[in-house]
Amino acid sequence: MSSFCAFIITIFSFLIFFAPVFYFIFIRSDDRTDVSLAREEGGVNSFDDFQVEYVQKELDVKLPKEYVDFVKIDRPFFIDSTALIDDAFVIIELTKRYRLGEDGLPKWPNSYVYIGDEADACPYVIDCQSNKVFKLDKGNVDRPPLLEFDSFQKFIDFYKKMMGLSE
């Protein structure tokens, strides 16, 4: 075999075996980078006026102003879309389930709205009457809350501290 043929076979083999690797490293990684940069720069998706009104209408509550103001901005990266849900339909669905006594749990008061969790089945709820935020023990309102915050801002301050972003 001539050296030219060996060179062509080597180049061809290189392309066949390494082209997919380079594709995923250099081209596909750009798609994922945009998502991670968006999360670092702007955070979680924000609500618009329609979504806020929809949650309030469907759940028959008036959401606290601090909460509404926070969910309508591009939130910082330190609080993800699990800890603070950014989907009106999910908030409504989960709140309604708990209000009906999800999985045999005691029914939630109508002033409670599910706002997120830590993927541990211990939801964060905001009480639309007192403006307090609670972390409920497995969603059970008859047990003492695992955490309680006098306001939504205190919840956010706690979260920043938990993430090591404030003293």
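The values are calculated or read from the model by the stated rules, or taken from the named source; none is laboratory data. What you are looking at is a predicted structure, and each value in this text was computed from that prediction instead of being measured. Neighbour counts are summed over all protein chains in view; Cβ atoms, including those assigned to glycine, are modelled from backbone coordinates with ideal geometry.
Could you give me the residue pairs with C-beta distances under 7 Å whose first residue belongs to segment 64-80 and is assigned by TED's automatic domain parsing to the domain that holds Asp117, whose second residue is among the aromatic types (Phe, Trp, Tyr) wherever it lies, and which are 6+ apart or on separate chains?
Going by the 7 Å Cβ cut-off, the qualifying pairs are Pro64/Phe152; Glu66/Phe152; Tyr67/Phe152; Phe70/Phe152; Val71/Phe47; Lys72/Phe47; Phe78/Tyr159; Ile79/Tyr159.
Could you go through segment 69-90 and let me know if any residue there is surrounded by 14 or more Cβ atoms within 10 Å (Cβ to Cβ) and more than 15 Å from the chain's Cα centre (by Cα).
No, segment 69-90 contains no residue that is surrounded by 14 or more Cβ atoms within 10 Å (Cβ to Cβ) and more than 15 Å from the chain's Cα centre (by Cα).
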